Amino acid sequence: MDKVTHINIKKPFKDQKPGTSGLRKSTLQFQEPHYLEIFVESVLRQINNLEGSTLIVGGDGRYGNKKAIKKIIQICAAHNVGKIIITKDGFLSTPAASNLIRKRNALLGIILSASHNPGGVNGDFGIKVNISNGGPAPEKLTNQIYRCSQSLLEYKFYDFPVPDFASQGSFKIKEMFVEIIDGVEEYVSLMEKIFDLDQIGDYLQNDFSIIFDAMNAVTGPYARELFVNKIGLSENCLMNSTPLPNFGNLHPDPNLTYANKLADLLLNKRSFDFGAACDGDGDRNMILGRSCFVNPSDSLAVITANTNLIPGYKNAMTGVARSMPTSMAVDCVAKELNIPCYETPTGWKFFGNLLDSDKITICGEESFGTGSNHVREKDGLWAVLFWLQILAAKKCSVMDLMNQHWSKFGRNYYSRHDYEAIPSGIANQIYENLESLLPNLKNEKFSNSLVLDADNFSYEDPIDKTISTNQGLRIILENNSRIILRLSGTGTKGSTLRLYFEKSSLSNGKLDLNPQMALQDLITSLDDLLNISTLTKMNRPTVIT
Ligand code: VG1
Ligand code: CO
């Protein structure tokens with residue numbers, strides 16, 4: 001007989017601390033009995049007015065996605081949730097989930113994704129928790145969830161075989177309705193409201209060739225609906241467009257290292273005018289032109305400078321925000337537009353209050369994330385359409401657009417160096433070394449300048465006044481250059497050290513320097529200070545952006 005079943009476990013899980021973007025662990029860890037269930041129970045226990053409410057549940061299709069959705073349905077039924085909206089086969093990109101939460105007045109969203117981390121049995125799995133504004137849970141809530149999970153020894157679920165969800169429809173379990181919808185439709189109709197797809201189509205059908213790489217992850221079906229069915233391009237504009245549980249063994253992180261086939265097509269073979277890729281859950285984007293890589297910080301600046309070309313944003317800009325390590329290229333645009341520019345810690349959750357209170361319209365991060373007030377997550381395909389609309393309106397190439405932008409606003413040379421999955425002891429040692437050196441750096445010479453400030457970034461939310469500390473070590477130089485060091489909060493193996501280098505607003509005719517050359521003195525000076533290459537025994541970072 002179907003019934004609410006209570007499960008007791010012997011030892012609590014102590015390691016369910018959500019990182020920069022949800023709880024992220026190896027797939028094997030998530031397969032451990034009760035691991036996922038205890039985390040979901042911890043989430044539901046923190047939510048007021050859960051009974052009778054609507055939840056959105058979906059994921060990026062990675063290994064374990066469907067099984068997790070079924071478990072969540074059973075747990076929610078036992079908690080008397082009113083309705084769960086899921087999608088065909090459980091595919092739902094993170095930005096599409098954010099949109100659904102908003103459109104369907106859901107109280108909560110549970111997104112099954114480890115984002116840009118590899119999937120499959122030997123990869124990673126994750127859970128993102130989003131609140132009723134459609135955005136990631138703020139720190140206060142994630143801390144409560146973590147605290148609960150640390151001592152939780154029981155959960156309940158409704159013991160009922162959950163039917164498959166391969167097609168649209170609905171079923172009832174206990175008193176709870178489960179509606180199965182097409183996850184693509186509502187997202188695409190939002191894009192049609194923001195962009196003029198006909199204008200984009202006219203440009204793309206006339207000698208402007210594009211290629212989109214879905215990296216065998218969730219954006220394939222969305223991109224097909226947009227580019228093939230709506231805009232009318234041939235299927236050849238898509239690569240890796242069928243979502244696979246292990247992403248075809250690709251690492252679905254759209255950067256020059258992991259999306260190297262696409263990069264080669266654009267940068268070496270010069271086969272297309274425009275190329276783009278999205279990550280596992282569809283919230284990140286990489287933009288490329290023929291022989292031209294667009295740094296994500298520059299992408300944010302270009303998007304901000306061109307909102308007037310997009311129907312959804314004409315004369316609607318209130319302000320802009322960037323995460324602290326993101327380059328200050330967008331600050332130059334904000335100054336010109338005479339709008340405020342906010343600097344937040346890393347992670348999309350910090351944009352939520354600014355968006356909700358209409359202080360900003362556009363926001364972004366250096367980690368291939370750009371977005372706006374249309375949802376409360378970064379949005380990969382939105383950024384791709386935004387770029388295509390600018391190019392269609394200006395009828396120019398990506399490289400022309402970048403050159404025009406730099407000659408108007410100046411160029412911020414910028415690069416991020418990632419040392420991935422290094423021993424945690426080494427990463428902590430490097431971090432602590434710099435942290436202890438910070439007080440002595442001020443007014444000292446560093447590279448070719450003097451240190452103006454050296455600190456550990458902290459942030460007070462302008463709306464709810466929450467203070468977040470330890471958000472990254474910064475060295476700010478008198479000539480406006482910046483060096484930042486952080487430890488990643490999304491990796492699952494060892495530690496990942498991120499170094500960020502920036503030289504601000506060079507407009508003295510040196511616009512076409514290679515960023516690694518332009519930043520070489522900062523890179524060398526930091527290595528001299530911290531011995532990173534010696535300590536990591538690596539002569540170059542794993543990923544350079
Ligand atoms: C990284 C990025 C950060 C981004 C986060 C989540 O975090 O640096 O900017 O918000 O991933 O992105 P970290 O702590 O590893 O640097 V995603 O696509 O996972 O939602
Ligand atoms: Co992502």
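Miscellaneous remarks
- Probe 1.4 Å - accessible area at Leu309, Å² to nearest ten: 60
- Angle in degrees between helix 520-530 and the longest Cα principal axis of the chain, rounded to the nearest 10: 60
- Amide H contacts under 5 Å for Ile287, placed H, 5+ residues apart: Val294
- Residue order for Lys71, Lys140 - accessible surface, 1.4 angstrom probe, largest first: Lys140, Lys71
- Separation of alpha-carbon centers, the range 288-345 and the range 405-430, rounded to whole Å: 19
- For Glu41, net neighbour charge (Lys/Arg +1, Asp/Glu -1) across residues whose Cβ lies under 14 Å away: +2
- Helix 65-78 axis, angle to the chain major axis (alpha carbon atoms, nearest 10°): 50
- Summary of the geometry: the range 1-23 and the range 178-201, compared by the centres of their Cα atoms, lie 35 Å apart.
- Given charges at beta-carbon only (K, R positive; D, E negative), |dipole| of the chain in Debye: 720
- Here the mean projected area of the convex hull built on the C-alpha positions of the range 427-522 is 8.4 nm².
- Nearest-ten-degree value, helix 424-441 long axis tilted from longest Cα axis of the chain: 50
- Binning all Cα-Cα separations of the range 183-242 at 5 Å, short to long from zero, yields these whole-percent fractions: 4, 19, 29, 26, 17, 5, 0.
- Estimated FRET transfer efficiency when R0 is 41 angstrom, pair Lys442-Lys269 (beta carbons, to 0.05): 0.25
- Label point distance in nm, Asn479-Asn531, each placed 7 Å from Cα along Cα→Cβ: 2.8
- Proximal charge balance of Thr27 [Cβ under 9 Å; K/R count +1, D/E count -1]: +1
- Heavy-atom accessible surface of Glu336, to the nearest 10 Å², is about 120 Å², with a 1.4 Å probe and all protein chains retained.
- Full-extension gain in nm, Ala166 to Asp464, via 0.36 nm per residue minus C-alpha separation: 103.1 nm
- Placing a label point 7 Å from the Cα of Asp453 along the Cα-to-Cβ line, the residues of the range 324-366 whose backbone N sits under 15 Å from it are 324-326, 328, 341-345.
- Helical contribution to [θ] at 222 nm, DSSP H n ≥ 4, -39,500 (n - 2.57), averaged over the chain, rounded to 500: -9000 deg cm²/dmol
- Overall, the ratio between the Cα radius of gyration of the chain and 2.2 N^0.38 Å, rounded to two decimals, is 0.95.
The values are calculated or read from the model by the stated rules, or taken from the named source; none is laboratory data. A quick note: this is a predicted structure, and the numbers were derived from the prediction, not measured. All Cβ positions, even for glycine, are placed from backbone atoms using ideal geometry, and neighbour counts span all protein chains on display. Ligands, DNA and RNA are stripped out before the accessible areas are found, and what is left, the full protein with its side chains, is counted by its heavy atoms. Shrake-Rupley method; radii C 1.70, N 1.55, O 1.52, S 1.80 Å.
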